[in-house]
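Colleague: First, the structure itself, so that you have it in front of you.
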Amino acid sequence: MAHTILGLHHVTATVDDAQADLDFCLNLLGMRLVKKTVNFDNHNVYHFYYGTERGAPGTIWTTFPYKGYGVRVGTKGAGQVVTTSFSVPAASMDAWRARLREAGARHIEEIGARFGEDVVRFDDPSGLWFELVGSDRDTRAPWSGHGVGAEAAIRGLHSVTLLVRRSAPTVEFMTSVLGYEEAAISANRTRLTAGGDTPGHVVDVVEDREAIPAINGLGTVHHVAMAIGSNEEQLRLREELVSLGIGVTEVRDRCYFQSIYFREPGGVLFEVATIQPGFTVDEDLASLGRGLKLPPWEEPHRASIEANLVPVEYR
Ligand code: ZN
């Protein structure tokens, strides 16, 4: 039975320097920092969540800045999300090109039209592959509080690109178990959608038989999370994954959502996360991202955690 995936929830990457990450995501891309917390699996490292005003599922980009912890630079390859694409109004693409050039963004490259939409790619400071996709079909409200006006501001995630050696098992799994639909195929790229076909609902599966295996590390995406409507639905999906012999974690409390993690057949780490409770559970909307928020089980260690984190500045 296919389960009800509503679309993308968030994408999480390992990055290098915390301040460079904040400067890039806030000042250049104009996203909102909706939560400053720590990696729940390593409280010495920040976990930054960026998004639109509330950090709605489908708009969230999250990073672990691991500089200084001896993490090697990762390798982009098969079994990984290699590209994260953000949605902007089609008419703003030239303004974005100018903004990226002016800011000295690295490896700006014209992709041209993909499935009828204009695409430009560039690297983030850690070498992550980003794209801006111009779309007139994205009705999500933008965040315009960081110097990019509403006419151009990022609407949220557009899509992710998974690189796999063979796309058929991945496509079969995502359509039969997760409820994705095949929306389009072009050369070695299969476009899948769930919960709608507008930006934020899209996963592209790219096949490359010769691709080297991905290695997790700085400058690579760690996982992509899809949104699911309820804890009950998440448990039903988990049971089905278990019955299919797929290794899946217990439900983990991420404070802002509940999560399960597993690998799809191509090796990409997937998370399925609930919509609730969201980022206003421990901060009000106006002050999202201002304070260091810790999960309740880390609060007793706040003083030592704060002392170990590198200081950062942002407005
Ligand atoms: Zn996640």
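The values are calculated or read from the model by the stated rules, or taken from the named source; none is laboratory data. In this text, all values refer to a predicted model and were calculated from it rather than measured experimentally. Neighbour counts are summed over all protein chains in view; Cβ atoms, including those assigned to glycine, are modelled from backbone coordinates with ideal geometry.
Colleague: Consider residue 289 against the criteria (1) away from the ligand (no atom under 14 Å from the Cβ); (2) farther than 19 Å from residue 157 by Cβ: it satisfies all of them except one. Which criterion is unmet?
Modeller: Status for residue 289: all satisfied but (2).
Colleague: Working carefully through the options 259, 243, find the one that is over 25 Å from residue 64 (Cβ atoms) and either touching a Phe, Trp or Tyr at 6+ places or on another chain (Cβ under 8 Å) or of a type in the set (Ser, Thr, Tyr) (or both). Talk me through it step by step, then tell me what you get.
Modeller: Values: 259 fails: over 25 Å from residue 64 (Cβ atoms).
Answer to the check: 243.
Colleague: Restricting the search to the stretch 119-158, which residues are surrounded by 19 or more Cβ atoms within 10 Å (Cβ to Cβ) and among the basic types (Lys, Arg)?
Modeller: 155
Listed here are the residues, each with its yes/no results for (1) touching a helix residue (DSSP H, G or I) at 6+ places or on another chain (Cβ under 9 Å); (2) assigned to a loop (DSSP other than H, G, I, E, B); (3) modelled with pLDDT under 95; (4) within 22 Å of residue 77 (Cα to Cα).
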{"site": "259", "(1), (2), (3), (4)": "yes, no, no, no"}
{"site": "271", "(1), (2), (3), (4)": "no, no, no, yes"}
{"site": "303", "(1), (2), (3), (4)": "no, no, no, no"}
{"site": "312", "(1), (2), (3), (4)": "yes, yes, no, no"}
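Colleague: Let me ask something else. Select from the stretch 263-286 the residues that are of a type in the set (Asp, Glu) and in contact (Cβ under 8 Å) with a residue 24 or more places away in the chain and write down the one among them that is farthest from the ligand (Cβ to nearest atom). Please lay out each step first, then the result.
Modeller: Let us first name the residues in the stretch 263-286 that are of a type in the set (Asp, Glu), namely 264, 271, 282-284.
Within this subset, residues satisfying the condition of being in contact (Cβ under 8 Å) with a residue 24 or more places away in the chain are 264, 271, 282-283.
Details: 264: 15, 271: 5, 282: 17, 283: 19 Å.
The extreme case among them is 283.
Colleague: I'd like to verify a number: residues in the stretch 109-157 that are within 22 Å of residue 50 (Cα to Cα) and assigned to a strand (DSSP E or B), how many?
Modeller: Residues flagged as within 22 Å of residue 50 (Cα to Cα) and assigned to a strand (DSSP E or B) within the stretch 109-157 amount to 14.
Colleague: Looking only at the stretch 195-213, how many residues end up being farther than 29 Å from residue 155 by Cα and touching a strand residue (DSSP E or B) at 6+ places or on another chain (Cβ under 8 Å)?
Modeller: Residues of the stretch 195-213 farther than 29 Å from residue 155 by Cα: 208-213.
Filter once more, keeping what is touching a strand residue (DSSP E or B) at 6+ places or on another chain (Cβ under 8 Å): 208, 211-213.
Counting residues in the stretch 195-213 that are farther than 29 Å from residue 155 by Cα and touching a strand residue (DSSP E or B) at 6+ places or on another chain (Cβ under 8 Å) gives 4.
Colleague: Follow-up. Which of the numbered conditions does residue 247 fail, given that it passes all the others? Conditions: (1) among the small types (Gly, Ala, Ser); (2) touching a strand residue (DSSP E or B) at 6+ places or on another chain (Cβ under 7 Å); (3) under 26 Å from residue 54 (Cβ atoms); (4) without any contact (Cβ under 8 Å) to a residue 60 or more places away in the chain.
Modeller: Residue 247 satisfies every listed condition except (3).
Colleague: Among all residue pairs at least 6 apart or on different chains, which show Cβ distances below 9 Å where the first residue, located in the stretch 169-181, is among the acidic types (Asp, Glu) and the second is outside any loop (DSSP other than H, G, I, E, B)?
Modeller: 181/175; 181/192; 181/193
Colleague: Determine whether the stretch 249-262 contains at least one residue that is surrounded by fewer than 21 Cβ atoms within 10 Å (Cβ to Cβ), away from the ligand (no atom under 16 Å from the Cβ) and not hydrophobic (A, V, I, L, M, F, W, C).
Modeller: Within the stretch 249-262, none of the residues are surrounded by fewer than 21 Cβ atoms within 10 Å (Cβ to Cβ), away from the ligand (no atom under 16 Å from the Cβ) and not hydrophobic (A, V, I, L, M, F, W, C).
Colleague: Follow-up question, since we're still on this one. What pairs come up if the first residue lies in the stretch 84-108 and is under 16 Å from residue 154 (Cβ atoms), the second is among the β-branched types (Val, Ile, Thr) and assigned to a helix (DSSP H, G or I), and their beta carbons are under 6 Å apart, counting only those six or more places apart or on different chains?
Modeller: So the pair list comes out empty.
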